[in-house]
Amino acid sequence: MSAPAIGTTKTAHSDVAPKKKRGPGALATAYLVIYNVVMTAGWLVIAVGLVRAYLVRGSYHGLYFSIEKPLKFFQTGALLEILHCAVGIVPSSVVLTGFQVLSRVFLTWAVTHSVREVQSEDSVLLFVSAWTITEIIRYSFYTFSLLNHLPYLIKWARYTFFLVLYPMGVTGELLTIYAALPYVQKTGLYSVTLPNKYNFSFDYYTFLILTMVSYIPLFPQLYFHMMRQRKKVLAHVEEYKTE
Amino acid sequence: FKHGICTVEILDAKTKDKLCFLDKVEPNATIGEIKSMFHKSHPQWYAARQSIRLDPKGKSLKDEDVLQHLPVGTTATFYFRDLGAQISWVTVFLTEYGGPLLLYLMFYFRVPFIYAPKYDFTTSKHWVVHLACMCHSFHYLKRLLETLFVHRFSHGTMPLRNIFKNCTYYWGFAAWMAYYINHPLYTPPIRYYINHPLYTPPPIYGEQQVRIALIIFLFCQVGNFSIHIALRNLRPPGSKTRKIPYPTKNPFTWIFLLVSCPNYTYELGSWFGFTLMTQCLPVAFFTAVGFIQMTVWAKGKHRSYLKEFRDYPPLRSPILPFVL
């Protein structure tokens with residue numbers, strides 16, 4: 001459920017009706033602007049990398065390898081966002097943001113990186129593209145919001161593109177995990193069996209299946225939450241426009 | 001100070017709708033009595049789930065508060081909030097603790113469908129497994145008996161959803177731990193002989209480890225029980241008074257000199273002992289999670305002691321002497 005980042009809709013942006021927010025100080029704002037600009041740039045690099053690789057090779061196949069390193073770098077870098085919430089410079093829930101970021105990082109490292117055989121799957125391209133477009137919009141949204149100059153187009157894109165990108169990303173993620181299953185089972189990746197001196201066992205194969213199952217209750221909740229946010233945010237702007 | 005009869009109107013705290021109008025209320029009526037009267041006109045809201053306040057966003061009034069001592073005129077206006085379905089603390093505790101007791105025994109006796117069929121109804125060959133079962137069962141039996149005979153509860157009830165949350169935690173962890181400890185492939189703490197050709201340092205200390213663990217466990221069980229008795233004796237039956245706990249003649253209570261919530265300290269010690277005894281990672285996890293939760297509770301209790309009592313002993317820490 002990582003495709004577009006959700007829980008961060010109530011963050012330091014003036015797009016919903018004005019409420020009393022502490023907000024970050026001047027130094028924190030400057031840092032956040034730099035952070036969000038860097039992230040926007042990073043995901044643009046990934047986007048450009050994907051397009052160039054496609055043009056060079058002439059096929060959609062195996063494009064993951066051309067953007068593997070920046071993908072890992074910038075997606076892992078998003079862990080900082082948990083810190084931002086914990087420290088309070090971004091008024092989002094630590095738990096929600098943590099869940100979002102960790103599920104992305106999990107897919108990047110514990111599935112795609114760890115199971116070499118899935119790296120050439122088309123499903124990887126599916127979720128990577130969804131993530132890339134989402135993140136470019138999301139980070140530029142934050143950048144402009146922090147500078148108090150949010151173009152309506154960016155706001156509209158953020159609350160509209162998810163309608164397609166979210167299911168697209170989820171599909172890519174699920175197909176990738178599914179593709180990894182046979183290899184995990186065969187090699188016993190990240191699994192611990194009995195007997196051992198700590199009397200513990202862990203079956204990564206079963207864990208992956210449970211992860212896939214968890215999408216069933218979680219994805220609709222997140223998707224409809226975003227739809228409700230969309231109504232609130234875009235309707236509010238409509239009111240101003242009709243004045 | 002009023003003579004004669006009062007009237008009471010109760011409004012919904014959120015919608016401000018008039019829910020109930022009571023005339024002919026005695027000035028010395030308590031909030032508890034008013035709740036009973038409200039319950040008569042709205043049978044679905046029994047007293048335990050009513051929150052009656054002077055202000056829609058204010059604190060709940062206590063059942064003991066008397067009408068004429070409240071800042072209201074001859075017609076009192078109260079606001080009502082539904083606390084949701086309630087369940088008594090005793091019921092919750094009995095269910096929470098009964099589950100682990102029974103579940104662990106099911107794993108211990110290797111009831112069918114848990115392990116491979118050839119192990120059904122067999123018992124472990126390791127004596128530490130029998131010891132662990134006795135300790136675990138003793139612990140939860142003690143908790144059940146304390147719930148019935150020792151503890152005095154400040155609140156009668158808690159929200160119903162808590163029982164699902166709490167039972168998932170206790171039952172889930174009990175099953176997880178019991179699965180591994182009673183597993184046919186369980187590995188007890190073993191002593192290796194240093195001259196053995198397959199010796200891999202560091203050695204695990206086997207019988208000695210289990211013996212020390214048992215002593216720690218029993219010591220902390222007695223300690224925990226002593227604290228529960230001491231806390232019970234602080235509060236006379238039926239009352240809800242709050243006093244600072246102090247060490248008594250029982251040496252196990254002398255820890256009150258250093259700690260505000262020694263019941264949690266001893267509880268942590270018990271589970272630490274059980275972890276050492278079974279050398280089982282899930283038990284270590286359970287101990288760690290319990291430690292975090294109890295630390296949060298201890299800090300909260302410590303803070304409210306400090307707020308309520310000017311003369312609270314300064315040397316005390318919430319849960320771990322000098323440290324936490």
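The values are calculated or read from the model by the stated rules, or taken from the named source; none is laboratory data. Because the structure is a prediction, the values reported are computed rather than measured. Here the Cβ positions follow ideal geometry from the backbone for every residue, glycine too, while neighbour counts run over all protein chains shown.
Take the residues of the stretch A:183-236 that are closer than 22 Å to A:Met168 by Cβ and either hydroxyl-bearing (Ser, Thr, Tyr) or not in a helix (DSSP H, G or I) (or both): which is farthest from the other protein chains (Cβ to nearest Cβ)? Write out each step before concluding.
Start the filter on the stretch A:183-236 by keeping residues that are closer than 22 Å to A:Met168 by Cβ, which leaves A:208, A:211-231, A:233-234.
Now narrow it down to the ones that are either hydroxyl-bearing (Ser, Thr, Tyr) or not in a helix (DSSP H, G or I) (or both): A:211, A:214-215, A:223.
Numbers: A:Thr211: 18, A:Ser214: 16, A:Tyr215: 21, A:Tyr223: 25 Å.
Out of the qualifying residues, it is A:Tyr223.
From the set of residues in the stretch A:51-78 that are surrounded by fewer than 15 Cβ atoms within 10 Å (Cβ to Cβ) and among the aliphatic types (A, V, I, L, M), which is farthest from A:Thr132 (Cα to Cα)?
Out of the qualifying residues, it is A:Val56.
Look through A:Tyr166, A:Tyr178, A:Tyr159, A:Tyr139 and report the one residue that is touching a Lys or Arg at 6+ places or on another chain (Cβ under 6 Å) and either β-branched (Val, Ile, Thr) or away from chain B (no Cβ under 14 Å) (or both). Full working, then the answer.
Working: A:Tyr166 fails: touching a Lys or Arg at 6+ places or on another chain (Cβ under 6 Å); A:Tyr178 fails: touching a Lys or Arg at 6+ places or on another chain (Cβ under 6 Å); A:Tyr139 fails: touching a Lys or Arg at 6+ places or on another chain (Cβ under 6 Å).
Result of the check over A:Tyr166, A:Tyr178, A:Tyr159, A:Tyr139: A:Tyr159.
Is it the case, given these coordinates, that B:Ala288 is within 14 Å of chain A (Cβ to nearest Cβ) and surrounded by fewer than 15 Cβ atoms within 10 Å (Cβ to Cβ)?
Yes; evaluated as a whole, the condition is true for this residue.
Quick one: in the stretch B:210-228, which of the residues that are surrounded by fewer than 15 Cβ atoms within 10 Å (Cβ to Cβ) and at pLDDT below 95 is farthest from B:Ile255 (Cα to Cα)?
B:Arg211
Quick test of your reading of the structure: A:Val115 fulfils all but one of (1) touching a residue at least 60 places away in the same chain (Cβ under 8 Å); (2) under 18 Å from A:Gly169 (Cβ atoms). Name the failing condition by number.
Just one mismatch for A:Val115, condition (2).
Just the residues that are more than 30 Å from A:Tyr205 (Cα to Cα), within 14 Å of the chain's Cα centre (by Cα) and of a type outside the set (A, V, I, L, M, F, W, C), please, taken from the stretch A:141-178.
If the condition is that a residue be more than 30 Å from A:Tyr205 (Cα to Cα), within 14 Å of the chain's Cα centre (by Cα) and of a type outside the set (A, V, I, L, M, F, W, C), then A:Arg158 is the only one that fits.
Every residue in the stretch B:38-50 that is farther than 15 Å from B:Thr77 by Cβ and in contact (Cβ under 8 Å) with a residue 12 or more places away in the chain, please.
B:Ser41, B:His42, B:Trp45, B:Tyr46, B:Ala47, B:Ala48, B:Arg49, B:Gln50
Quick one: count up the residues across the stretch B:134-151 that are surrounded by 15 or more Cβ atoms within 10 Å (Cβ to Cβ) and either free of Cβ contacts under 8 Å to residues at least 40 places away in the same chain or among the charged types (D, E, K, R) (or both).
4
So that you can scan it fast, the table gives a plain yes or no per residue for (1) under 18 Å from B:Leu218 (Cα atoms); (2) touching a strand residue (DSSP E or B) at 6+ places or on another chain (Cβ under 9 Å):
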site: B:Lys243; (1), (2): no, no
site: B:Tyr246; (1), (2): no, no
site: B:Thr253; (1), (2): yes, no
site: B:Asn263; (1), (2): yes, no
site: B:Gly273; (1), (2): yes, no
site: B:Phe285; (1), (2): no, no
site: B:Val296; (1), (2): no, no
site: B:Tyr305; (1), (2): no, no
site: B:Ile319; (1), (2): no, yes
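Return yes or no: is B:Thr253 without any contact (Cβ under 8 Å) to a residue 40 or more places away in the chain, of a type in the set (Ser, Thr, Tyr) and within 14 Å of chain A (Cβ to nearest Cβ)?
For B:Thr253, the condition - without any contact (Cβ under 8 Å) to a residue 40 or more places away in the chain, of a type in the set (Ser, Thr, Tyr) and within 14 Å of chain A (Cβ to nearest Cβ) - is not met.
Among the residues of the stretch B:91-101, is any modelled with pLDDT under 90 and either over 23 Å from B:Ser154 (Cα atoms) or in a loop (DSSP other than H, G, I, E, B) (or both)?
Scanning the stretch B:91-101, I find no residue that is modelled with pLDDT under 90 and either over 23 Å from B:Ser154 (Cα atoms) or in a loop (DSSP other than H, G, I, E, B) (or both), so the answer is no.
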